[in-house]
Amino acid sequence: MTRVVATAIPARLDRLPWSRFHSMVVAALGITWILDGLEVTLVGSLSPAIKGGLALSDTQIGFAGSAYILGAVMGALLFGRMTDHFGRRKLFTLTVVVYLLATIATGFSWDFASFLAFRFLTGAGIGGEYGAVNSAIQELIPARRRGVTDLAVNGSFWLGAAMGAMGSLIVLDPQIVPQAWGWRLAFVIGGMLAAAIEARVERDLAQPLAPLCDLPTIRLAVGRITSWRDIGRTLFVVHPRRTVLGVVLMATQAFCYNAIFFTYALILTRFYGVAAGSIGWFMLPFALGNVSGPLILGPLFDSLGRRTMIAATYGLAGALLCVTGWMFAQGWLTATTQTLAWCVIFFFASAGASAAYLTVGELFPLETRAVTISLFYAFGTLLGGVAGPALFGALIDSGARVQIFWGYLLGGGLMLLAALAALALGVRAERRPLEEIAPPLSLASGDAS
């Protein structure tokens with residue numbers, strides 16, 4: 001006989017005023033995205049130095065970016081299911097350790113094959129974080145602040161990107177660090193940073209919540225094990241429209257971001273003659289434009305709503321990307337104006353991409369939340385993220401601006417497609433309890449009291 005328990009935990013969490021606990025959770029979980037941003041920027045800013053140090057081609061640099069994304073996909077699939085089964089905090093800690101060891105190992109790569117393998121493993125650690133972090137944010141943050149908080153945490157990726165950009169200016173300065181070791185040192189330092197963070201994360205996520213009374217309760221069947229059949233039925237039978245929306249949002253932003261960011265330094269060095277040691281000065285404003293988008297536009301996702309703002313941010317980013325690609329093909333841009341254009345485009349794209357993670361976490365039940373976030377991330381990134389860096393690396397290798405323009409046009413067109421999908425399939429989830437948006441699979445009859 002199935003045992004049924006009544007709980008007011010969701011109502012308690014939604015009713016709580018903002019407190020030190022919430023601030024610590026946001027800081028602790030945001031660290032993951034900072035590390036991810038640091039990782040991506042290390043390869044982006046250091047790619048010319050890595051290319052010379054390991055004798056790699058532009059195409060091989062692109063494949064290294066794809067290996068990192070493929071690792072993230074596999075890590076998300078492996079660790080996402082474990083997160084729903086063993087808990088958010090345990091998997092959060094485990095995946096940070098994977099990231100730590102693989103990043104340090106990257107600094108000791110001796111050829112293309114070893115560099116590719118270590119980038120794959122680093123991506124697996126970061127990919128494993130996605131389900132744990134996003135599900136924890138959405139379950140612990142009150143509904144009235146869920147949108148702006150989720151966007152702020154996901155946008156913290158770009159704080160790491162800014163750190164990576166500034167760090168590259170130091171490690172690539174031959175007067176400070178020998179040229180042969182600069183890029184290697186950057187990876188080792190990134191891994192050491194993760195080691196220093198792990199203990200603090202565990203303390204932050206273990207804070208108790210004060211009990212509240214006289215709140216609505218829900219009744220849940222205890223001991224019910226969620227199977228892959230349950231997950232499949234949820235995605236394709238109960239919520240097929242939401243599934244299509246999630247795949248479209250995740251795949252389009254993955255292609256756009258990974259294709260451009262992993263190869264941005266190659267564009268600057270090959271077409272604008274920017275020295276490898278100066279790449280960080282161009283990455284820094286690009287990162288700041290990205291982090292400011294979620295912070296400034298985030299409150300509008302809770303007031304104007306998810307559907308309106310996702311469609312607007314994706315649409316504006318897609319249209320501007322197409323226009324900028326055309327200007328690049330015509331030779332009208334300089335390194336400075338190219339960077340300025342990317343800052344504006346990704347001001348909107350960053351807010352939209354962060355909202356994609358918010359959307360796929362809100363729209364599915366408690367028992368499948370982490371694994372569905374991981375599945376959407378994995379499938380969307382596999383469709384858009386793995387192919388993007390490899391494709392753009394090959395386009396850059398061609399040396400033809402027109403060829404690269406077609407890549408930009410493809411990325412912009414996909415973002416515009418996602419904007420239309422948000423308008424047609426979007427769900428009004430702002431300020432609503434998660435259990436109301438997607439009732440738990442274990443919900444028993446007579447759930448309200």
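Values quoted throughout were computed directly from the atomic coordinates according to the rules given, and no laboratory measurement underlies them. All of these numbers come straight from a predicted model, not from anything done at the bench. When we count neighbours, we look across all protein chains shown, and the Cβ atoms used for this are built from the backbone with ideal geometry, even at glycine.
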- Task: Kindly rank 348-357, 148-157, 332-341 from highest to lowest mean number of other beta carbons found within 10 Å of each residue.
- Result: 348-357, 148-157, 332-341
- Alpha carbon centre of region 337-356 versus region 58-99: separation in Å? 24
- Task: Rank by packing, highest mean first: peptides 431-441, 263-273, with packing defined as the count of other Cβ atoms within 10 Å averaged across residues.
- Result: 263-273, 431-441
- Round to a whole angstrom and tell me the spacing of the C-alpha centers of region 106-167 and region 265-335. 19
- Item | Relative contact order of region 277-394, pairs being alpha-carbon contacts under 8 Å that are 6 or more residues apart, as % | 34
- Query: Amide H neighbours of L441 under 5 Å, counting only residues 5+ apart in sequence or on other chains, H built in-plane at 1.01 Å?
  - Reply: L366, E367
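First check a/c for region 263-329, with a ≥ b ≥ c the square roots of the eigenvalues of its C-alpha gyration tensor; if it is under 1.5, answer rounded, and if not, answer prolate when a/b is larger than b/c or oblate otherwise.
Numbers: a/c = 4.91, a/b = 1.87, b/c = 2.64.
The shape class here is oblate.
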- What FRET efficiency, computed as 1/(1 + (r/R0)^6) with R0 = 51 Å and r the Cβ-Cβ distance, is obtained for A27 and V402, rounded to the nearest 0.05? 0.65
- Note on the structure: Taking placed amide H atoms and a strict 5 Å upper bound, the residues 5 or more places from V274 or on another chain that come that close are T269
- Task: Starting at the first residue of region 365-380, write each ³J(HN,Hα) from the Karplus equation 6.51 cos²θ - 1.76 cosθ + 1.60 with θ = phi - 60°, in whole Hz, x for Gly and Pro.
- Result: x, 3, 5, 10, 4, 5, 6, 5, 4, 5, 5, 5, 4, 5, 5, x
- Task: Subtracting the Cα-Cα distance from 0.36 nm times the residue separation, let me have the gained length for F112 to R144 in nm, one decimal.
- Result: 6.7 nm
- Message: Per-residue counts of other Cβ atoms within 10 Å, averaged by peptide: what ranking do you get for 110-119, 412-421, 286-295, 124-133, highest first?
- Response: 124-133, 286-295, 412-421, 110-119
